[in-house]
Amino acid sequence: MKQEPDINKLKFPEPDPDLLTALAGIVGERHVSGRALDRLAVSRDSWPQGYFWMREGRAPLLPAAVAWPGSEDEVAELIMWCAMNRVPLTPAAGGSGVCGASIPARGGIVMDLKRMNRPLELNEINHTAEAQAGIMGETWERWLNRRGFSLGHFPSSMYCSTLGGWLASRSAGQLSSKYGKIEDMALSLSGVLADGSKFTSSDSPKSAAGPDLDQLIIGSEGTLAVITSAVMAVHRLPERSAFRGFMFEDLESGVRAMRLVMRAGLDPAVMRLYDELDTRFHAKSLGAEGPGCLLVAGFEGPDHELTRAKAAKGFSILAEAGRDLGPGPGEAWLGRRYSVSYNQSTVLSLGHTILDTCEVAAVWSKIPGLYHAVRGAIAPHALVTAHISHVYSVGAAIYFTFVAGSEEPPAAEAYKAAWRAAMEACLQAGGTISHHHGIGAHKARWMRAELGPALDIFNDLKLRLDPGTILNPAKMGIGDTETEDRDDQFL
């Protein structure tokens, strides 16, 4: 077996002492680093391509330094310094992104926002809460829970992702069917533009005062502005929850049942339908033995009687088309719903194994075709499973997981081939290439096919707000024609 490269033997260029001095003058000497390990730590996120680089003993996207600002003023000063000196600046925090959105693709400075991690205010009259962008999701959720509230946002990366990262990538939590995605929760943003000017948007719940600046910045992955804090809608903690499992003969019958529940306006917290192979993988851990496709459904809410009534009606609809397995599978899923992310990290650390997830979405009429098209495209390159979740009145997301193994580096080639085939199949089937993982460097090459002329509008906006293209360059296919024109730069 080929010996793995020793990353500790890598030789990194020494940082420029004048650069470190300049940054220390903004954020303080303790909050700047040119150490090799600090720079290496922020040179990748959780995108599998970063694991491949590590296996090969490479660190091709090393920043010159890392800075940890502690306030919005320091963020603004860092951005202004980078703009004046034409130094690329990459915002980062938790590093849980899987598309390379926070890798320093053009070197420069990584601005890590994790020092800005405080909850700021809870307004019980308005049901809103404000926090700094660098706060970890679990930390803020526990802070809200102690006061009787919840954000309702529960991504699999709950323990290692931040509010700012969620907003930057248009994140979705596992209960998005009830609470919405992160862009539905955001009421007001504060942040800094590429010229160092600070902004705070109105916290009005709805406004007709022109286009919504917040919704342009949310999902822009730090290419248009750096979010420093946000006011979010929150909810009273649920008094009651009910989760159950159902088995369906095939995926199509499960999809029809999910659609009926949504059409009835029953407001489920979650409905997650596993395809046949994924059902077999989860059968033992979720207590759902037997052939078919497992569906996990759950309801929750602050009103006991209303939640009970909605759950009874929803479970009745599902039981008419499938087999009721009782509360066991639903409660088992709820108890282990965050474990999958850590399992993926473990698998990626083994040999030349590849493992990744691909989340696409479409309206209901396109869901069956999208599922079969993307699954069929990945299947020649890797073992692939899927589940349908993040269910809405008009459609849903499909979450594919694929894995392949080899003792030789060509496993990475299988990874690339699987992604190319999946994205092309998704676009041909009428789906969107990302439901909640974002674009980053990974999916940038397909943004033209997804957006068409709209990409030119985003490019014009990028160049107007950031003429030096210093903010998170080479991401999303925005403001960096080199990324779009250079074939296979990252993938």
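The values are calculated or read from the model by the stated rules, or taken from the named source; none is laboratory data. Being a predicted model, the structure only gives us computed values, none of them experimental. When we count neighbours, we look across all protein chains shown, and the Cβ atoms used for this are built from the backbone with ideal geometry, even at glycine.
Values computed for the structure shown
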item: So R146, is it closer than 30 Å to L62 by Cα and out of contact with any Gly (no Cβ under 6 Å at 6 or more places or on another chain); result: no
item: Pairs where the first residue, in the stretch 3-30, is in the same structural domain as A65 (by TED's automatic domain parsing) and of a type in the set (K, R) and the second is assigned to a loop (DSSP other than H, G, I, E, B) and at pLDDT 90 or above, C-beta under 9 Å, 6+ apart; result: R30/W68
item: Hits in the stretch 424-457 - residues which are in contact (Cβ under 8 Å) with a residue 40 or more places away in the chain and out of contact with any strand residue (DSSP E or B) (no Cβ under 8 Å at 6 or more places or on another chain); result: E424, A425, Q428, G438, I439, G440, A441, H442, K443, A444, R445
item: Every pair of residues 6+ apart whose Cβ atoms lie under 6 Å, when the first sits in the stretch 32-59 and is more than 29 Å from T21 (Cβ to Cβ) while the second is part of a loop (DSSP other than H, G, I, E, B) and hydrophobic (A, V, I, L, M, F, W, C); result: S46/V98; W47/V98; W47/C99
item: Residue in the stretch 93-100 that is free of Cβ contacts under 8 Å to residues at least 60 places away in the same chain and of a type outside the set (F, W, Y) present; result: no
item: Search result, residues across the stretch 268-301 that are on the phi < 0 side of the Ramachandran plot and either among the basic types (K, R) or at pLDDT below 95 (or both); result: R272, R280, F281, H282, A283, K284, S285, L286, A288, E289, P291
item: Extreme residue, nearest to T200 (Cα to Cα), among residues of the stretch 70-95 that are within 24 Å of the chain's Cα centre (by Cα) and buried (at least 23 other Cβ atoms within 10 Å of the Cβ); result: V75
item: Candidate set: the stretch 39-57, residues that are part of a helix (DSSP H, G or I) and of a type in the set (K, R); chosen: the one modelled with the highest pLDDT; result: R39
item: Filter result (surrounded by fewer than 21 Cβ atoms within 10 Å (Cβ to Cβ), touching a Gly at 6+ places or on another chain (Cβ under 9 Å) and either small (G, A, S) or without any contact (Cβ under 8 Å) to a residue 24 or more places away in the chain (or both)) within the stretch 174-193; result: G180
item: Residue match in the stretch 308-324 (condition: of a type in the set (V, I, T), touching a residue at least 40 places away in the same chain (Cβ under 8 Å), in contact with a Phe, Trp or Tyr (Cβ under 8 Å, 6 or more places away or on another chain) and within 25 Å of S253 (Cα to Cα)); result: no
item: Residues of the stretch 104-154 classified as touching a strand residue (DSSP E or B) at 6+ places or on another chain (Cβ under 7 Å), part of a loop (DSSP other than H, G, I, E, B) and aliphatic (A, V, I, L, M), total; result: 5
item: W68 touching a Lys or Arg at 6+ places or on another chain (Cβ under 7 Å), outside the structural domain of V226 (by TED's automatic domain parsing) and without any contact (Cβ under 8 Å) to a residue 24 or more places away in the chain; result: no
item: Members of the stretch 90-115 that are farther than 29 Å from M423 by Cα and of a type outside the set (D, E); result: G108, I109, V110, M111, L113, K114, R115
item: Selection status of L89, within 14 Å of S229 (Cβ to Cβ) and of a type outside the set (D, E, K, R); result: no
item: Enumeration of residues in the stretch 71-103 that are part of a loop (DSSP other than H, G, I, E, B) and of a type outside the set (A, V, I, L, M, F, W, C); result: S71, R86, P88, G94, G95, S96, G97, G100, S102
item: Top-ranked residue in the stretch 249-299 [being among the charged types (D, E, K, R) and touching a strand residue (DSSP E or B) at 6+ places or on another chain (Cβ under 7 Å); ranked as surrounded by the most Cβ atoms within 10 Å (Cβ to Cβ)]; result: R272
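Results for (1) crowded, with 23+ Cβ neighbours inside 10 Å; (2) among the small types (G, A, S), shown as yes or no for each residue.
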position	(1), (2)
E130	no, no
S150	no, yes
G165	yes, yes
A172	yes, yes
D195	no, no
D203	no, no
D212	no, no
T228	yes, no
